[in-house]
Amino acid sequence: MERNLKNVLVISFGFLLLFTAYGGLQNLQSSLHSQEGLGVASLSVLYAALIVSSMFLPPILIKKLGCKWTMAGSMCCYIVFSIGNFYASWYTLIPTSVILGLGGAPLWSAKCTYLTIAGNLYAEKAGKKGKDVINQYFGVFFLIFQSAGIWGNLISSLIFSQASNKVEISEESLACCRAYDCVTDTTNATGSAEPSHSLIYTLLGIYTASGVLAVLLIVIFLDQIKSDQAETEKETLETPSFWSTFLATFQHLKDKRQCLLIPLTMYSGFEQGFLSGDYTKTYVTCALGIHYIGYVMICFSAVNSLCSLLFGKISQFTGRKLLFALATVTNAACIIALLLWKPHPKQLAVFFVFPVLWGLSDAIWQTQTNGLYGILFEKNKEAAFANYRLWESFGFVIAFGYSTKLQVYIKLYILLSVLVLSMVMYGAVEYLEAKNSPGTPTATKKENVGTFTQETHM
C-alpha cells in the first residue's frame with residue numbers, strides 16, 4: 001500500500017473510533033444528565049471553549065508538536081470528557097468539557113494540515129495536481145469518518161435496550177412530551193429514561209476504550225513528517241502570530257457580505273443544538289425512552305451523510321439558491337409540525353421522520369454554506385472559515401445555554417425567527433453578488449467544501 005494512503009487510513013479510522021464515542025455521548029447529554037440542566041450546560045461550555053481554542057491554539061500547537069502529536073494530544077482531551085461522565089457533576093463535567101473544547105480545534109486543524117502535506121508530497125512524486133490528490137484523501141477520510149454517527153448511536157441504543165426497568169407510559173406523562181411541555185423534568189416521564197448505573201458504566205467504558213484505541217492507532221501507526229520534508233512542512237505550517245490571526249478574523253467583518261452571513265452561520269449551530277439537545281430529550285426520551293435516542297440519531301447521521309454527497313454533486317446543476325430554498329422549506333415545515341405534534345409511542349415512525357428531514361436540511365446548510373464561504377471569500381479563506389467556526393460555535397453556545405431556561409415552544413419560535421432572518425440576509429448577499437458580478441457563474445469552486453464541512457461538528 002502506498003505509504004501516504006496508509007497514513008490517511010490511520011487518521012480516518014482514528015477519527016472514526018474517537019467520534020464513535022464522542023458523537024454518541026453528545027446526543028445523550030441532555031437525557032443522561034438532566035438534573036439542573038447539567039448535560040446541556042456542559043455542551044454550552046464545550047463550544048465556548050472551542051471558540052477560544054479556534055482563535056489561538058491550532059497554529060501554536062502544530063508548530064511546536066507537529067501534526068501527529070497534536071492529534072494524539074487533542075484526542076486525549078476527548079477521552080478525559082468520557083471519563084468525566086463516569087462521575088457526572090458540575091465539578092467533573094464542566095472542567096472536562098472545557099478540556100475537550102480546547103482540544104477540538106487543534107485536532108481538526110492538525111488533521112487538515114497533515115492530509116494537505118501528504119497530498120502535496122505524493123502529488124509531487126507522482127506528477128499529479130496537488131489539489132486532486134488532496135481532494136481524494138479528504139474524500140477517503142470523510143467516507144470513513146461520517147459513519148461514526150451510526151456506530152456511536154447504535155452502541156448506545158443496543159446497551160440501553162437491555163434495561164429491565166421499562167414501564168408503561170401514562171397518558172398524563174405523554175402530555176408533557178411536546179413543545180408546550182409541563183416545565184418539569186420530562187426526561188423522567190418514562191421509567192426507561194433512567195437506565196441502571198451498570199448499563200451507563202458499560203456504555204462509558206466502551207466509549208472510553210474506543211477513544212484510547214484511537215490514540216494508540218495514531219501514536220503507533222501514523223508516520224511523523226520526516227526531516228527531509230521540512231521545506232514542505234515549513235511552507236504549510238508557517239503562520240502569522242496568534243494575535244495577527246485573531247485580528248484578521250475580526251477584520252474580516254469589515255466585509256459587508258460576512259456580516260450578512262452571520263445569522264445563517266449561527267443558525268447552523270442553533271438547529272444542530274436543538275436536535276441533539278431538545279428533540280432527543282423532550283420528544284424521544286420522554287415518549288419512548290432513552291434507548292431510542294441512538295436509533296433516531298442514526299437516521300439523522302445516515303441521511304446527512306448521503307445527502308451531503310448528493311447535494312455536493314447536484315449543486316453544480318441546480319445552483320445553491322434552489323438548495324437553500326429546499327432546506328428552508330423543509331426545516332420550517334419541521335418546526336411548525338413540532339409545535340403542533342403530540343407525540344405518542346403508537347406513532348413510532350413519526351419520531352424517525354423528523355431526524356430524516358432534519359438530516360436532509362442540515363446536509364444543505366453544511367455543504368452549501370461552506371461552499372458559499374469558499375466562493376465569496378476565495379482570497380481570505382483562512383479568516384472567512386475562522387469566522388464560520390466562530391459564529392457556528394456561538395450558535396451552539398446560545399442554543400445549549402438557554403436550553404434549560406425556556407420551554408420548547410419558545411425555542412422553536414426562536415429557531416424559526418433565526419431561519420427567516422438568515423434567509424433574508426442570505427438573499428441580500430445574493431443580491432449584492434448579482435449586482436457586483438452580473439455575468440459570473442456562482443457554483444463551481446468546491447474543492448475545499450469537504451475539508452471544512454465536518455470540522456464544525458466537533
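The values are calculated or read from the model by the stated rules, or taken from the named source; none is laboratory data. Being a predicted model, the structure only gives us computed values, none of them experimental. When we count neighbours, we look across all protein chains shown, and the Cβ atoms used for this are built from the backbone with ideal geometry, even at glycine. We work out accessible area using only protein heavy atoms, side chains counted, and drop any ligands, DNA or RNA first. Shrake-Rupley method; radii C 1.70, N 1.55, O 1.52, S 1.80 Å.
Couple of notes before you dig in:
- Test: residue in the stretch 81-88 that is in contact with a His (Cβ under 9 Å, 6 or more places away or on another chain) and under 30 Å from residue 197 (Cα atoms): yes
- Some residue of the stretch 97-105 being assigned to a loop (DSSP other than H, G, I, E, B), surrounded by fewer than 21 Cβ atoms within 10 Å (Cβ to Cβ) and in contact with a Phe, Trp or Tyr (Cβ under 8 Å, 6 or more places away or on another chain): no
- So residue 143, is it within 21 Å of the chain's Cα centre (by Cα) and surrounded by fewer than 18 Cβ atoms within 10 Å (Cβ to Cβ): yes
- Going through (1) buried (at least 20 other Cβ atoms within 10 Å of the Cβ); (2) in contact with a Lys or Arg (Cβ under 9 Å, 6 or more places away or on another chain) one by one, residue 123 falls short only on (1).
- Among the residues of the stretch 88-116, the ones that are over 20 Å from residue 386 (Cβ atoms) and among the small types (Gly, Ala, Ser) come to 3 in all.
- Residue count, the stretch 277-309 (criterion: polar (S, T, N, Q) and either closer than 22 Å to residue 342 by Cβ or not assigned by the TED database to the domain that holds residue 385 (or both)): 3
- Flag for residue 315 being touching a Phe, Trp or Tyr at 6+ places or on another chain (Cβ under 9 Å), in a helix (DSSP H, G or I), of a type in the set (Ser, Thr, Tyr) and outside the structural domain of residue 31 (by the TED database): no
- Within the stretch 311-340, being under 19 Å from the mean Cα position of the chain (by Cα) and open to solvent by 20 Å² or more (accessible area, probe 1.4 Å) holds for one residue alone: 312.
- Hey, residue 97 farther than 20 Å from residue 216 by Cβ and either free of Cβ contacts under 8 Å to residues at least 60 places away in the same chain or among the acidic types (Asp, Glu) (or both) or not: yes
- Breaking point among (1) open to solvent by 30 Å² or more (accessible area, probe 1.4 Å); (2) within 30 Å of residue 429 (Cβ to Cβ); (3) of a type in the set (Ser, Thr, Tyr), for residue 295: (2)
- Any chance residue 56 is part of a helix (DSSP H, G or I), closer than 22 Å to residue 213 by Cα and not assigned by the TED database to the domain that holds residue 388: no
- Going through (1) among the hydrophobic types (A, V, I, L, M, F, W, C); (2) within 21 Å of residue 212 (Cβ to Cβ); (3) at pLDDT below 85 one by one, residue 148 falls short only on (3).
- In the stretch 25-38, the residues that are outside any helix (DSSP H, G or I) form Cβ pairs under 6 Å with partners that are open to solvent by 10 Å² or more (accessible area, probe 1.4 Å), at six or more places apart or across chains, as follows: 33/88; 34/185.
- Of the candidates 285, 232, the single residue that is β-branched (Val, Ile, Thr) and at pLDDT below 80 is 232.
- Hits in the stretch 368-387 - residues which are more than 21 Å from the chain's Cα centre (by Cα) and in a helix (DSSP H, G or I): 375, 376, 378, 379, 380
- Only residues that are in a helix (DSSP H, G or I), farther than 23 Å from residue 173 by Cα and of a type in the set (Gly, Ala, Ser) were counted across the stretch 318-340, and they come to 4.
- Scanning the stretch 341-367 for residues that are touching a residue at least 60 places away in the same chain (Cβ under 8 Å), part of a helix (DSSP H, G or I) and surrounded by fewer than 18 Cβ atoms within 10 Å (Cβ to Cβ) gives 345, 348.
- Residue check for residue 393: touching a Gly at 6+ places or on another chain (Cβ under 7 Å), at pLDDT 85 or above, among the hydroxyl-bearing types (Ser, Thr, Tyr) and buried (at least 21 other Cβ atoms within 10 Å of the Cβ): yes
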